[in-house]
Amino acid sequence: MDSKFVAFQSRSICFLFLLHVAHGDMSYSFSEEMKRGSVIGNIAKDLRMETGALSSRRARIDTEGSDKRYCDINLNNGELIVADRIDREGLCGEKASCILKHELVLENPLELHRISLHIQDINDNAPQFNEDSINIEIQESADRGARFVIEEAHDADVGQNSVQQYNLKKNENFILSVTGNTIELVLEKELDREKHQEMNLLLTAVDGGSPQRSGTVVIHVTVLDRQRFSFSQQLSSVQSDSGGRGLRTERLALLSHCQSH
């Protein structure tokens, strides 16, 4: 018999064998952080098998591309159970979808069933700002409507469990503007350093989970004196336009003018 024909026939038999043992996928959806031993589903029922057949056919769960096995099978009742802690953020980061691939192996005869574990996010993280406080210096002469960008909060959770809104504690001078991921402090009433040289504003980031979680940051505002700022501007101008001895003369004149007031 031709060797090429024998090789072709062998490959065909192998291909048919693989078609025979590879069966349909099974898919399960459940929440992250479930306790070890928690029931995900029942493989025996889903495959319409007698419970005892799992044991006699040496049913086992294999992993794909990882040594870590997150689920196992109870051969006594066919239940698919959580075998290890599943942290969605650690496994999938901020991806919208988090799927773990396992495989059910049955022997005598050999059968393979792919198992897709869809891990659902739970609201186990609160929004966080990078710092506990944010320092801002604002001129007393700042116009009404002036805007100051504030760094956004971050949440390790995804979807509805991520940051959904920001709230600024009511105060005399500022309101909050939120456009997409841009957070801005807006001056609604002009500053008066005679009243407040410094002020603390409380900004809260809130997620949309249940229970709802939040994170806060204190915005520390320092109001710069109008006269000092004006003097600083003039001095800067003199430094850029004059040189050497001229700078010294103008500087003394400005100091004298400031002190006389």
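The values are calculated or read from the model by the stated rules, or taken from the named source; none is laboratory data. Predicted model only: the values in this text are computed from it and were never measured. Positions of Cβ are backbone-derived with ideal geometry, glycine not excepted, and every protein chain shown enters the neighbour counts. Accessible surface is based on the protein model in full, side chains and every heavy atom, while ligands, DNA and RNA are left aside. Shrake-Rupley method; radii C 1.70, N 1.55, O 1.52, S 1.80 Å.
Results, tabulated for the structure shown:
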read-out: Filter result (closer than 16 Å to T216 by Cα, surrounded by 17 or more Cβ atoms within 10 Å (Cβ to Cβ) and either in the same structural domain as E94 (by the TED database) or not acidic (D, E) (or both)) within region 150-175; value: I150, A153, A156, S162, V163, Y166, L168
read-out: Matching option when the condition is open to solvent by 50 Å² or more (accessible area, probe 1.4 Å), under 30 Å from A59 (Cβ atoms) and of a type in the set (K, R), among R193, R144, R114; value: R114
read-out: Residues of region 186-214 satisfying the condition of being closer than 18 Å to N171 by Cβ, in contact (Cβ under 8 Å) with a residue 40 or more places away in the chain and assigned to a loop (DSSP other than H, G, I, E, B); value: E188, K189, E190, L191, D192, R193
read-out: Any hit, region 49-56, residues being more than 28 Å from the chain's Cα centre (by Cα), part of a loop (DSSP other than H, G, I, E, B) and either surrounded by 14 or more Cβ atoms within 10 Å (Cβ to Cβ) or of a type in the set (D, E, K, R) (or both); value: yes
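Results for (1) within 30 Å of P211 (Cβ to Cβ); (2) outside the structural domain of I183 (by the TED database); (3) out of contact with any helix residue (DSSP H, G or I) (no Cβ under 9 Å at 6 or more places or on another chain), shown as yes or no for each residue.
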| residue | (1), (2), (3) |
| --- | --- |
| E111 | no, yes, no |
| S116 | yes, yes, yes |
| A126 | yes, yes, yes |
| Q139 | no, no, no |
| R147 | no, no, yes |
